[in-house]
Amino acid sequence: MKKNNYITIVRLFAAGVISSSIILGGCRLETETENEVQEVTNEQSEETTTGAVTLEMYNQLEKGMRYEEVREIIGFDPLEPVEEADESSSSRFTWPGESEQAFLTVAFKKNKLSTKTQMGLR
């Protein structure tokens, strides 16, 4: 996939995240009693990710890691579908950053992290 395609995918993903945040921002859940109203917020616990990779996450990735280890550090699935690679193949995955132009791409060869690249991560 070309760089322009990655940027387009990242922009579409970011637009979806922003739209969802705006829509869900005003939601609230009402219980059966009129006096009880529980506000539903978009705040997330420290264990839940924001859906964007950071420079800190990028710096934790090391050559030779398996996909599962990379996924555990990042905390959510990549934009591209995960395809199981056999011992002789290579695969590449991309995660969005906080801005439209920011992203992280990792490549695996023989099921091990071989290269990592990032653009615009903070």
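The values are calculated or read from the model by the stated rules, or taken from the named source; none is laboratory data. What you are looking at is a predicted structure, and each value in this text was computed from that prediction instead of being measured. Positions of Cβ are backbone-derived with ideal geometry, glycine not excepted, and every protein chain shown enters the neighbour counts.
Brief remarks follow.
- Positions within the range 96-122 being in a strand (DSSP E or B) and out of contact with any Gly (no Cβ under 9 Å at 6 or more places or on another chain), in sequence order: T105, V106, A107, F108, K109, T115, K116, T117
- With respect to being under 19 Å from T8 (Cβ atoms) and modelled with pLDDT under 65, P81 fits the description.
- Candidate set from the range 63-77 (those that are out of contact with any helix residue (DSSP H, G or I) (no Cβ under 7 Å at 6 or more places or on another chain) and part of a helix (DSSP H, G or I)); member that is farthest from K109 (Cα to Cα): E72
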